[in-house]
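To start, the structure under review is shown below, and the notes come after it.
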Amino acid sequence: MQFLKILFWCLLAFLAAIFTIGNWTNVQIKLWGGLIAEVNLPLLLLIVFLLGLLPTMLYYQTIRWRLRQRLAAAQNAVDTLRGTSAAAVPTLLPDSEPSIPSVPLPPASVPTAVPPGGA
């Protein structure tokens, strides 16, 4: 499975390199005050991609952090409740095991064959 992951990322990197080589042109971006910036198209696409990815990743990490905090609080609450309930339940020592009375079982009945046509 690890091989397939590496193969996928290598294929993606190869396609990105082909795209970069094929589209290595300057793009003019009009800025404020009549300024014009010339940027390579692959660099511009990378910057725009990161501008979309980074806020999403930041939001995702924040959600994960909040869920981990809630999970830790819930686990602490469960541990606290288990600690108080464990003190209320008496524990048996290995030497004082209760004896289980043996109950005699009735003899097993042996199935009898019924002759055909008879009851």
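Every number here is computed from the coordinates shown, using simple stated rules; none is lab data. All of these numbers come straight from a predicted model, not from anything done at the bench. Quick reminder, even Gly has a Cβ in these numbers, built from the backbone with ideal geometry, and neighbours come from all protein chains shown.
Charges at C-beta only: +1 for Lys and Arg, -1 for Asp and Glu. How large is the resulting dipole of region 19-85 about its Cα centre, in Debye rounded to 20?
On the way: 6 positive and 2 negative charges, 76 e Å.
Dipole about the Cα centre, nearest 20: 360 debye.
Long-range amide H contacts for residue 40: which residues qualify at under 5 Å (H placed 1.01 Å from N, peptide plane, sequence gap of 5 or more or a different chain)?
Those lying under 5 Å, H to H, from residue 40 are 27.
Looking at the square roots a ≥ b ≥ c of the eigenvalues of the Cα gyration tensor of region 1-62, which shape do they give, rounded for a/c under 1.5, prolate if a/b is larger than b/c, or oblate?
Details: a/c = 7.40, a/b = 1.44, b/c = 5.12.
In terms of gyration-tensor shape, oblate.
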